[in-house]
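J.: This is the structure I have questions about; it appears just below.
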Amino acid sequence: MAEGDELVQLQRLHAEGMITEAEFELARTQLHKRGSADAEEPTVETAEKTAEASGDDAQTVAEPAPDVQPDAEQSPDVPAAAEPEPVAESQPEPATEPQIEPQTEPATDADAPSPRRRRQLPTWAMITWPLVLAAGGIGLIVWALVGGSGTAKTPVNGLIAIVDHQSVVPDQAVPDGSAFGTGGYALGKPCHTLSGYPDIATGAPVVITDAAEKTLARTNLRAGVFDVNADCVFGFVTSVPKSDTYQIKVGQRDAVTYPAAAITHPQLSLGGS
């Protein structure tokens, strides 16, 4: 067996713990001294027998030769022990002094800005302002009453009566031949027109103009009800500015002229003889 192969075998036995360090060094030294001679070489079997014979005494008697180092060229497979790198001593960090935040003193009343003094109104202004406000409120009320035009308006509460009893019926069904004053055929009960008065109905337009046909007011008819005469009447409410005469047009009917004195309660009857 070649010297290199035996050395590899010795390294394997040493790594597996089958021979001791002393036995390994002794066998390797013998291989080194033998060189390339043909003399009898100590084999792996001899090293194993030596290990068995020496027993525990070999661990105490045979010690590794510290001065014997294997030749790098003779044993290329054995790596040289790496020298440990020096460990740098850690320097303790210098202690830092705790930083103390400056404490701010609470603001005192003396440091606070002085509030602005309110300017007081003179006595005459305190007396005059309420009067001015009251006068302004009265003026607004008057302006609202006259419609903002500077001219007072006249309220109008008119009626359109259908006196043709054959053309009006109560909204509530009643037996034929019922006398007025019974059931739905009575004072204040709702009614409506039949043929002949299709334009006289709830919501029909009402237009009031002056003599020059300038529109003064627009409104609509209210729901019809029976009056004491069993007539079906339709009311309307509005207001108009001052004029000498007025013309009232209801639905598709021709306009009817009323004097200023009669405009507050104008009445128009349709269907009478």
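J.: Consider the stretch 186-208. How many of its residues are more than 30 Å from ALA152 (Cβ to Cβ) and part of a loop (DSSP other than H, G, I, E, B)? Spell out how you get there, then give the answer.
T.: Restricting attention to the stretch 186-208, the residues satisfying the condition of being more than 30 Å from ALA152 (Cβ to Cβ) are 186-202.
From what is left, the residues that are part of a loop (DSSP other than H, G, I, E, B) are 186-189, 194-202.
The number of residues fulfilling the criteria is 13.
J.: Could you tell me whether SER269 is modelled with pLDDT under 95, small (Gly, Ala, Ser) and in a strand (DSSP E or B)?
T.: For SER269, the condition - modelled with pLDDT under 95, small (Gly, Ala, Ser) and in a strand (DSSP E or B) - is met.
J.: Let me ask something else. Of the residues in the stretch 255-271, how many are of a type outside the set (Gly, Ala, Ser) and within 13 Å of GLU213 (Cβ to Cβ)? Spell out how you get there, then give the answer.
T.: Going through the stretch 255-271, the residues of a type outside the set (Gly, Ala, Ser) turn out to be 256-259, 263-268, 270.
Adding the requirement that they be within 13 Å of GLU213 (Cβ to Cβ) leaves 257.
Of the residues in that region, 1 qualify.
J.: If you scan the stretch 202-230, which residues turn out to be under 17 Å from SER269 (Cβ atoms) and not charged (D, E, K, R)?
T.: Hits for the stretch 202-230 are ALA204, VAL206, LEU221, GLY224, VAL225, PHE226, VAL228, ASN229, ALA230.
J.: So which of ALA217, ALA211 is in a loop (DSSP other than H, G, I, E, B), within 24 Å of THR151 (Cβ to Cβ) and not acidic (Asp, Glu)?
T.: ALA211
J.: Could you list, in sequence order, the residues of the stretch 224-259 that are surrounded by fewer than 17 Cβ atoms within 10 Å (Cβ to Cβ) and either without any contact (Cβ under 8 Å) to a residue 40 or more places away in the chain or hydroxyl-bearing (Ser, Thr, Tyr) (or both)?
T.: ASP244, THR245, ASP254, VAL256, THR257, PRO259
The values are calculated or read from the model by the stated rules, or taken from the named source; none is laboratory data. Just so we're clear, the structure is a prediction, and the values are computed from it rather than from any experiment. Positions of Cβ are backbone-derived with ideal geometry, glycine not excepted, and every protein chain shown enters the neighbour counts.
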